[in-house]
Amino acid sequence: MIELYYLNVTIHILAALLWIGGMFFLAAVGAPVLRTVQPPTLRVELFRLLGARFRRVGWIAITILLITGVLNLYFLGILRDGLLIDPAFWASRFGQTLAWKLTAVAAMLIVSGLHDFVFGPRSAALEPGSPESVAARRRAVVLARLNAALGVIVVIVAVRLARGG
């Protein structure tokens, strides 16, 4: 059983690397390069294509993270032993740290959904350079940055969990 747990944790970490690493790659490399592309219509199309491809990969990674996260709780005995309904568990250091992680993950899911399915596509559909396009792009950028910050928080809290809370 311990080997399955280690395999599950490895898959969980790899999916997190793909999702969070992909966000940082897009912010640090992809977006700065694409901002130099001319004409603006080509730039918008490349952003749209890159965003659509990463959205698909990102949501696959999210699905894997959710499944392996639940399995991690099972392998640790948290689901098997009914600890999730025990107030003493949530009062413990580990329980409180887990609550922070679950809250940050939920926030990331909400922000990702808004970015990927509302504001990102809306931004890409508008005329490049128009006031509406600029405003929509700014909203999408703010959501992307918020998501990256939440990703850092999730990693920090995950490290604490791995070290006992």
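So the values come out like this:
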item	result
Which listed residue is surrounded by fewer than 17 Cβ atoms within 10 Å (Cβ to Cβ) and either within 18 Å of the chain's Cα centre (by Cα) or under 18 Å from residue 47 (Cβ atoms) (or both), from 142, 154	142
Residues of the range 28-53 that turn out to be in contact (Cβ under 8 Å) with a residue 40 or more places away in the chain and basic (Lys, Arg), as a count	2
Cβ-Cβ under 6 Å pairs, at least 6 apart or on other chains, the range 15-27 side over 16 Å from residue 140 (Cβ atoms), far side open to solvent by 30 Å² or more (accessible area, probe 1.4 Å) and part of a helix (DSSP H, G or I)	15/64
Qualifying residues in the range 91-102 (those that are aliphatic (A, V, I, L, M) and surrounded by fewer than 14 Cβ atoms within 10 Å (Cβ to Cβ)) - the one nearest to residue 157 (Cα to Cα)	99
Hey, residue 88 over 27 Å from residue 69 (Cβ atoms), open to solvent by less than 80 Å² (accessible area, probe 1.4 Å) and either out of contact with any strand residue (DSSP E or B) (no Cβ under 8 Å at 6 or more places or on another chain) or β-branched (Val, Ile, Thr) (or both) or not	no
Filtered residues of the range 1-16 (kept if more than 19 Å from residue 116 (Cβ to Cβ) and surrounded by 12 or more Cβ atoms within 10 Å (Cβ to Cβ))	5, 7, 8, 9, 11, 12, 13, 14
Failed criterion for residue 35 (all others in (1) more than 11 Å from the chain's Cα centre (by Cα); (2) farther than 20 Å from residue 143 by Cα hold)	(2)
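The values are calculated or read from the model by the stated rules, or taken from the named source; none is laboratory data. Keep in mind that what you see is a predicted model, and the values were worked out from it rather than measured. Using ideal geometry, Cβ is built from the backbone for each residue, glycine included, and neighbour counts are taken over all protein chains shown. Just the protein is used for accessible areas: all its heavy atoms, side chains included, with ligands, DNA and RNA removed. Shrake-Rupley method; radii C 1.70, N 1.55, O 1.52, S 1.80 Å.
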